[in-house]
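This report concerns only the one structure given below.
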Amino acid sequence: MVVLIQYDYITVQSLVANKKNEVYNEQYDEYNSKIMNRTEGLMSNDGLNISEKDGVITLSSAKATTNSNVTTIWYDYNCPFCRRHWIQNLDSYISDIDAGRLTLHMIPVAFLTEYSAAAAMFAYSVVPYGAALFLDVFHSLVWEGLPESQGDDDALVKQKLDEVRRDILVPALTAKGIDPKTVNTTTQEDYDKVKANTKRAAANGVDSVPHVVEG
C-alpha cells in the first residue's frame, strides 16, 4: 500500500489559527470559488453503488473489475485540508467510479471537534438510501460545513445539521416515499463506528488527515 497524500495536523492547525495567512486565504478563496461553480450532474447520479461495513463507506460501480484501482481515504469532516482535498478530487473520483476504474473506501474519523463526529454520524445514516443522497449530504457537510473554529459550538453544530436535514434529507426521502422521521442521524451505533475508526487510525499509522492510500 502506497500513501499518496498526508497533510500534517500541526500545519492544518497553524493555517486555521492564522486567518491572515495570505497563502491560506488565497487557497480558501480559490476553493470557495470552485464550490460556487460546481455543477450538480455528478451529485445527482444514482447509478453508483454505496455500502457500509465496519465503519468503511464504499462507493463502487457494477462496471468495476479485478483490475480496477482501489483508493482508501481517512478524513475528518471538520478538517480544512480534507475539505480542500475533496473539492479538488471528488468529481474525478466519481467519474472514475462511474466508469468502473475505481472503488473508493471512505473512513471518517473524529480527530478535531464535535462536528467531526456529528457530521460523520449524519452521513452514515443516509448510506442505506443511495449514493446520490449520500453525496448530496456529504457535499453539504464538507463543502458548506462549519469552519474548525466553530466545530465545538453545540448550537452551531446543531444548526448546521438541522439545515442539512431540512434542505437535503427531508425533500429527498419524501420524494422516495420515505418518512424522514424514521431516519435517526444520531445513533449510538454510528457514533461507535466513528470512535472505532479514530482508534483504528492510530493502529494503521494514520496520525493526520487527509490520509490517502492506493491499493
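The values are calculated or read from the model by the stated rules, or taken from the named source; none is laboratory data. Note that this is a predicted model, so its numbers are computed, not measured. Glycine also receives a Cβ, built like all others from the backbone with ideal geometry; neighbour counts cover every protein chain displayed.
Just so you know, in the stretch 46-76 the residues that are in a loop (DSSP other than H, G, I, E, B) and among the β-branched types (Val, Ile, Thr) include one that is surrounded by the fewest Cβ atoms within 10 Å (Cβ to Cβ), and it is Thr66. In the condition set (1) at pLDDT 90 or above; (2) in contact with a Leu (Cβ under 9 Å, 6 or more places away or on another chain), His85 is compliant with all but (2).
Looking across the stretch 46-82, the residues that are small (Gly, Ala, Ser) and at negative phi come down to Gly47, Ser51, Ser60, Ser61, Ala62, Ala64, Ser68.
Taken over the stretch 62-79, the residue count meeting the criterion of being more than 16 Å from Asn197 (Cβ to Cβ) and at pLDDT 95 or above is 3.
The conditions of being among the polar types (S, T, N, Q) and touching a strand residue (DSSP E or B) at 6+ places or on another chain (Cβ under 7 Å) are met by Thr103. With the structure loaded, tell me whether Phe138 is of a type in the set (A, V, I, L, M, F, W, C), in contact with a strand residue (DSSP E or B) (Cβ under 7 Å, 6 or more places away or on another chain) and within 22 Å of Val56 (Cα to Cα) or whether it fails that test. No; evaluated as a whole, the condition is false for this residue. Considering the stretch 95-110, and only residues there that are at pLDDT 95 or above and touching a helix residue (DSSP H, G or I) at 6+ places or on another chain (Cβ under 8 Å), the residue that is surrounded by the fewest Cβ atoms within 10 Å (Cβ to Cβ) turns out to be Thr103.
Within the stretch 104-159, the residues that satisfy the criterion of being closer than 27 Å to Asn69 by Cβ and not aliphatic (A, V, I, L, M) are His105, Pro108, Phe111, Tyr124, Pro128, Tyr129, Gly130, Phe134, Asp136, Phe138, His139, Trp143.
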